[in-house]
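Accompanying notes for the structure given below.
Just so it is clear, none of the values below were taken in a lab; they were calculated from the coordinates. Bear in mind that the values here come from a model prediction, so they are computed numbers and not experimental data. Here the Cβ is made from the backbone with ideal geometry for all residues, glycine too, and neighbour counts use every protein chain on show.
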Amino acid sequence: MCTPFALHRPVAGALPLVLDSPHSGEFYPDDFDHAPPREIVRQAEDTHVARLYGCAPALGATLLEANFPRAYVDANRSLADIDPELLADDWGEPLAPGRKTAQGIGLVWRLARNGAPMYRRRLAAAEIRERIERWYRPYHAALDAELNLRHREFGSVWHLDCHSMPAVGDERADDPGRERADFVLGDRDGTTCAPAFTAFVAATLADLGYRVAINDPYKGVEIVRRHGRPAERRHSLQVEVKRTLYMDEASLLPNAGYARLEADLARLLAALQRHIRGELVGASGLRG
Ligand SMILES: [Zn+2]
């Protein structure tokens, strides 16, 4: 039986830097009876994202990756972001379907990326609760634990919530038909981390030759909203990388750009390693 996540701890010189990849899981549970073919459903995945940041533990960072697919239950949604149209029976508590549910991509996706219905039936509330307990909650508990561990140890923690995005917004996206930047950083309009953290990541990526957008079209969703509390020195930033930089969007196979992106993400993490060490020295200087 597959575990909900894989956790890769630092192998040397642990830093308060935690990465999570909630959407790169490729284990499809037997009861995920989606209607469209698997290759269409897989278009939802941020395929390869955890592997692209695979050097994180060698650079002192922690890397958490989900093993389950986001179309089955989406770790980057709130628990009340459920579409009543999906349910065969009563949820039993108030629901708060948001914009993502309206787009068909709430906690449990109603639509595949091509707009086709994900299921031929409605789902029992108990089935969705089982997905939450078996996959969603353990993932969030592991992320909480790692962030708390480093925050206790260092007094601050920096967190990258790592994703990938289609090169062009589809018709239900907030930016239909528009070609996206290479990276989109989301800090929910400056509320989930210190502005200096967003600026540092943006400048580092720009120096590496990438086009970077901030909060457009992705501002960050549930994971950075839950974990980013800059007043408590908990800094969370959502990082979206354009899929065509590293893979073919139809086959999901790595393309000729994969190795360059992987090497540049290692450069980004090395730069963050230096940045965070500097911030920690500055903080201890203030305390002293
Ligand atoms: Zn994602």
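In what sequence do His163, His34 fall when counting other Cβ within 10 Å, fewest first?
By the 10 Å Cβ count, ascending, the order reads His34, His163.
Close amide H pairs (under 5 Å, H built 1.01 Å from N) link Cys193 with Ser236, residues at least 5 positions away or on another chain. For the chain, evaluate the Debye formula with one uniform point scatterer on each Cα (no solvent term) and list log10 I(q)/I(0) at q = 0.10, 0.11 Å⁻¹, rounded to two decimals. These q points yield log10 I(q)/I(0) values of -0.51, -0.62.
Under a 5 Å amide H cut-off, with hydrogens placed 1.01 Å from N, Asn255 pairs with Met247, Asp248 among residues at least 5 apart or on other chains.
What separates the Cα centres of the stretch 161-225 and the stretch 1-36 is a distance of 21 Å. The angle separating the long axis of helix 137-154 from the principal Cα axis of greatest extent in the chain is about 10 degrees. In whole Å, what is the distance between the alpha-carbon centres of the stretch 61-139 and the stretch 244-288? Value for the Cα centre distance between the two parts: 30 Å. Pairs of Cα atoms in the stretch 7-110 fall into 5 Å distance bins, from 0 up to the last occupied one, in shares of 3, 12, 19, 17, 16, 13, 9, 7, 3, 1, 0 percent.
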